[in-house]
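The values are calculated or read from the model by the stated rules, or taken from the named source; none is laboratory data. In this text the structure is predicted, and so the values were computed from the model without any measurement. Here the Cβ is made from the backbone with ideal geometry for all residues, glycine too, and neighbour counts use every protein chain on show. These accessible areas exclude ligands, DNA and RNA; they are computed on the full protein's heavy atoms, side chains included. Shrake-Rupley method; radii C 1.70, N 1.55, O 1.52, S 1.80 Å.
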Amino acid sequence: MKRLCIAHDLIYKGIGSRLHFFLTLGRNIRRYLNEYPTIRIIHFNDALIASYYLLCCRFNRCVKHTVTIHGLDVVFPSYLYKKFVLPRMNRFDLILAVSKATASIARAVGIQDEKLRVIPNGVDEKILTYKFSLSFYDDFQSRYHLDIRGKQLLVAMGRPVKRKGFSWFIEHVIPHLQHDYLLLFIGPFHWKPTKQERFLRLLPPFIRNRIGLFLGAPTDEPKLRQLLNKVEIRKRVKHLGRLPFDEILNILHHSNLFIMPNIEVKGDMEGFGLVCLEAALCGTTVFAARTGGIPDAIKNNKNGILLKSGHAEEWIQKLNEFMGQPLSEEKIAASVNYTKRNYGWKKMAKAYYKEFLKLHN
């Protein structure tokens, strides 16, 4: 955005407490407006910080206010939130949804249609210029003590929350795949119960569910941990934990498949599916569930393959067919080009800028 206009950022960067960031938000915004009187638009990047601003800060009518809303922002299962907070979002001059699914639910909960626009998330095109390792297989074997030459690599990535469908996939799909493969999970993971997990166990399910969603707690972790400790699963599945981005890109580039087997969970949804686009740019074939905002990121047979959410038979059949006959280099290149053309950061920034200009004019 800074390539298109003058932009000032106010972002929590991990220094100090989050609480302090929120408590000083209104004061810092006023400071920015005083220091830079040419500011005409304040944009909030999610509904949480926007809600706090609405409820606790002074709404400045000298500038326009815009907000991006994501999946959980509109489906969070709280009566008070849906009744008293979400409707107040209509005080914003422009509300930008990351997917058609998010926008549809936003309308259903009272967001004014005339203020609503859909702009899909963008992916960093610089991934295409990354120099992938020429010694990947040797490096992988040295680090993880696994020889993966000749195996088909499947990758899944993200926090182990229930909607991601990680444990569902291991339990219902993995036992029926027929080829020589290894499934790698990437992302934060705890092999032992955390204090947060033990605390949530003490709460009634009704409260536990809402607090877990609000905190982004890894609600699928206990089941995933149990499955990964089974001998027959360990032969086919390995969790690598959190990895640096360059290592993730190397693994994706050398993988055959990226899977996003999301399942439908009441009160939660996948707002978009950015990791699918990162995988597609690395030349990995994406298999993703047709649910939430994922179809806004993956277009069937364009930059991936969409399958019915929670339909194990279809996943088993399509994955076995693909592993028996992977896509040609030409089709992989076409997928990469389609993703770059339709989902780059530059395109996303221009779409935001276009909407901001309409407000400013």
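Set side by side, the residues K83, K126 differ, and just one is open to solvent by 10 Å² or more (accessible area, probe 1.4 Å) and closer than 24 Å to R341 by Cα, which is K126. Taking the numbered list (1) loosely packed, with under 14 Cβ neighbours inside 10 Å; (2) touching a strand residue (DSSP E or B) at 6+ places or on another chain (Cβ under 9 Å) in turn, R149 passes all entries but (2).
Given the options L80, L116, L86, L183, name the one that is closer than 30 Å to I42 by Cβ and at pLDDT 95 or above.
Being closer than 30 Å to I42 by Cβ and at pLDDT 95 or above holds for just one of L80, L116, L86, L183, which is L116.
Test G283 against the stated conditions and say whether it is out of contact with any strand residue (DSSP E or B) (no Cβ under 9 Å at 6 or more places or on another chain), open to solvent by less than 70 Å² (accessible area, probe 1.4 Å) and modelled with pLDDT under 95. Taking the combined requirement at face value, the residue satisfies it.
Checking each residue in region 209-254 for being buried (at least 18 other Cβ atoms within 10 Å of the Cβ), over 20 Å from the mean Cα position of the chain (by Cα) and outside any helix (DSSP H, G or I) picks out V237, H254. For region 286-296, a residue qualifies if it is over 20 Å from A334 (Cα atoms) and in contact with a strand residue (DSSP E or B) (Cβ under 8 Å, 6 or more places away or on another chain), and the qualifying residues are A289, R290. Hey, can you tell me all the residues within region 84-140 that are in contact with a strand residue (DSSP E or B) (Cβ under 6 Å, 6 or more places away or on another chain), outside any loop (DSSP other than H, G, I, E, B), hydrophobic (A, V, I, L, M, F, W, C) and within 30 Å of C282 (Cα to Cα)? L96, A97, A103, V118 - these are the residues of region 84-140 that are in contact with a strand residue (DSSP E or B) (Cβ under 6 Å, 6 or more places away or on another chain), outside any loop (DSSP other than H, G, I, E, B), hydrophobic (A, V, I, L, M, F, W, C) and within 30 Å of C282 (Cα to Cα). Within region 286-297, track down each residue that is open to solvent by 10 Å² or more (accessible area, probe 1.4 Å) and assigned to a loop (DSSP other than H, G, I, E, B). Answer for region 286-297, where residues must be open to solvent by 10 Å² or more (accessible area, probe 1.4 Å) and assigned to a loop (DSSP other than H, G, I, E, B): R290, T291, G292. Do we find a residue being more than 25 Å from the chain's Cα centre (by Cα) and touching a residue at least 60 places away in the same chain (Cβ under 8 Å) anywhere in region 27-38? No, region 27-38 contains no residue that is more than 25 Å from the chain's Cα centre (by Cα) and touching a residue at least 60 places away in the same chain (Cβ under 8 Å). Condition (residue is open to solvent by 50 Å² or more (accessible area, probe 1.4 Å), closer than 19 Å to L116 by Cα, of a type outside the set (D, E, K, R) and in contact (Cβ under 8 Å) with a residue 12 or more places away in the chain) applied to region 6-25: is it met by at least one residue? Checked region 6-25: no residue is open to solvent by 50 Å² or more (accessible area, probe 1.4 Å), closer than 19 Å to L116 by Cα, of a type outside the set (D, E, K, R) and in contact (Cβ under 8 Å) with a residue 12 or more places away in the chain.
Each residue in region 298-322 was checked for being assigned to a strand (DSSP E or B) and touching an Asp or Glu at 6+ places or on another chain (Cβ under 7 Å), and 1 pass. Scanning region 257-278 for residues that are open to solvent by 20 Å² or more (accessible area, probe 1.4 Å), more than 29 Å from V75 (Cβ to Cβ) and at pLDDT below 95 turns up nothing. Please indicate, with yes or no, whether at least one residue in region 324-332 is within 18 Å of L154 (Cα to Cα), modelled with pLDDT under 95 and surrounded by 15 or more Cβ atoms within 10 Å (Cβ to Cβ). Yes: region 324-332 contains one or more residues that are within 18 Å of L154 (Cα to Cα), modelled with pLDDT under 95 and surrounded by 15 or more Cβ atoms within 10 Å (Cβ to Cβ). Filtering region 181-201 to residues that are charged (D, E, K, R) and out of contact with any helix residue (DSSP H, G or I) (no Cβ under 9 Å at 6 or more places or on another chain) leaves K195, R198. Restricting attention to region 255-276, does a residue exist that is free of Cβ contacts under 8 Å to residues at least 60 places away in the same chain, closer than 26 Å to Q141 by Cα and either assigned to a loop (DSSP other than H, G, I, E, B) or touching a Phe, Trp or Tyr at 6+ places or on another chain (Cβ under 9 Å) (or both)? Taking every residue of region 255-276 in turn, at least one turns out to be free of Cβ contacts under 8 Å to residues at least 60 places away in the same chain, closer than 26 Å to Q141 by Cα and either assigned to a loop (DSSP other than H, G, I, E, B) or touching a Phe, Trp or Tyr at 6+ places or on another chain (Cβ under 9 Å) (or both).
Considered as a group, the residues in region 52-78 that are open to solvent by 40 Å² or more (accessible area, probe 1.4 Å) and outside any loop (DSSP other than H, G, I, E, B) include one that is farthest from L33 (Cα to Cα), and that residue is L72. Checking each residue in region 46-95 for being in contact with a His (Cβ under 6 Å, 6 or more places away or on another chain) and of a type in the set (G, A, S) picks out no residue at all.
Any residue that is open to solvent by 20 Å² or more (accessible area, probe 1.4 Å), under 30 Å from S78 (Cα atoms) and out of contact with any strand residue (DSSP E or B) (no Cβ under 8 Å at 6 or more places or on another chain) - is there at least one of those in region 305-318? Within region 305-318 (the criterion being open to solvent by 20 Å² or more (accessible area, probe 1.4 Å), under 30 Å from S78 (Cα atoms) and out of contact with any strand residue (DSSP E or B) (no Cβ under 8 Å at 6 or more places or on another chain)), the answer is yes, since at least one residue qualifies.
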